[in-house]
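Scroll down for the structure; my scribbles are underneath it.
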Amino acid sequence: MHVLLVEDDPSVAAGVIDGLGISFSVTHAQTGAAALVTSLDGVDIILLDLGLPDMDGTDVCREIRKTSQTPIIVVSARGDEIDRVLSLEMGADDYVVKPFGIRELVARIRAVVRRTSASATEIESHADPVRVLHGLTIDTRTQRVELSGDEIHLTPKEFELVVYLSDDPGAVYRRQDILHDVWDTNWYGTSKTLDAHIAAIRKKLGSATWIESVRGVGFRFGGPS
């Protein structure tokens, strides 16, 4: 497995490279700019620090997501929930707070790669790759969403949520079921993580009625206001 490590601290980078070197090959980028010009061909996962010297890691994450779906784990000393949620909104798949153990990091890497691979396989194998609901077109083969002909740019996790909820329009999905199925059972997440993603999707679709809250239970996929 090939890892791209984006980390400016030489001592931290050396420790991660040594720790992962037994099982993984590691390419190291010390700046956000270096990461953005690094080819992601053959890269299985990206470990991304937020406190880079030239740009914030969330901006790097957002730029990568414009062209690549390579899994991203943010590895940062910032432990506040707002940093976690913002990173997830920019398209990160997981978040590890420094200091961390190498065994934990390896387990997170394997879990994220396994989860994202399973999600991609499930999406690609869906019996009907295109569904149209109230003028919203969801193409699970190309992972594109269009509303009345205009493309809606969703992060990978937002897209997974839309596919998941729209699989049975009108049905109510419980919060814990969504976190279990769209993330995984070991997700650190509070419900605010899910709320942040739902809010972002509603904003991009232009109406809160697309995903309706069911108080005390969870959410259902609705339609335009």
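All of the numbers you see were taken from the coordinates with simple rules; none came from a lab. Because the structure is a prediction, the values reported are computed rather than measured.
For the chain, what does the alpha-carbon gyration tensor say about shape, rounded, prolate or oblate, given a ≥ b ≥ c as the root eigenvalues, a/c under 1.5 as rounded, and a/b over b/c as prolate? Could you put the intermediate results ahead of the total?
Numbers: a/c = 1.96, a/b = 1.80, b/c = 1.09.
Taking the square roots of the gyration eigenvalues as a ≥ b ≥ c, the chain is prolate.
Each residue of region 25-32 in order: what ³J(HN,Hα) in whole Hz does its phi give by Karplus 6.51 cos²θ - 1.76 cosθ + 1.60, θ = phi - 60°, with x for Gly and Pro?
Values, residue by residue: 9, 10, 9, 10, 10, 8, 9, x Hz.
Could you tell me which helices of the chain pass both thresholds, a Cα extent of 20 Å or more along their own axis and a mean Kyte-Doolittle hydropathy of at least -1.0, with helices taken as whole DSSP H runs?
What comes out of the filter, once short or polar helices are dropped, is 102-124, 191-205.
Amide H neighbours of Asp54 under 5 Å, at least 5 residues apart or on other chains, H built in the peptide plane: list them.
Residues meeting the amide H criterion: Gly32.
Starting from the amide H of Ile211, placed 1.01 Å from N in the peptide plane, find each other amide H under 5 Å away whose residue is 5 or more places distant or on another chain.
Amide H neighbours of Ile211: Gly222.
If you plug each phi of region 138-143 into the Karplus form 6.51 cos²θ - 1.76 cosθ + 1.60 with θ = phi - 60°, what whole-Hz ³J(HN,Hα) values come out, in order, with x for Gly and Pro?
For region 138-143, the Karplus curve yields 10, 9, 6, 6, 9, 6 Hz.
If each DSSP helix of 4+ residues adds -39,500 (n - 2.57) and the sum is divided by the residues in the chain, what number results at 222 nm, nearest 500 deg cm²/dmol? All intermediate terms of the calculation are to be shown ahead of the outcome.
Values: 8 runs with 91 residues, N = 225.
-12500 deg cm²/dmol, from helical runs alone.
How big, in percent, is the set of alpha carbon pairs in region 13-66 lying more than 15 Å apart? Numbers along the way, then the final one.
Working: 687 of 1431 pairs.
Result for the distance tail: 48 percent.
From the Cα trace of region 2-123, what convex hull volume per residue do you get, rounded to a whole Å³?
100 Å³
For Val96, list long-range residues whose amide hydrogen, built 1.01 Å from N in the peptide plane, is under 5 Å from its own amide hydrogen.
Excluding prolines and chain starts, which carry no amide H, the hits are Val74, Val75, Ser76.
At q = 0.18 Å⁻¹, work out log10 I(q)/I(0) for region 126-221 with the Debye formula, treating every Cα as an identical point scatterer and leaving solvent out; two decimals please.
With no solvent term, the Cα-only Debye profile gives -0.81.
Tell me, what ³J(HN,Hα) does each residue in region 45-52 have, in order and in whole Hz, if you take phi through Karplus 6.51 cos²θ - 1.76 cosθ + 1.60 with θ = phi - 60° and put x for Gly and Pro?
Whole-Hz 3J(HN,Hα) from phi for region 45-52: 7, 10, 9, 10, 7, 8, x, 8.
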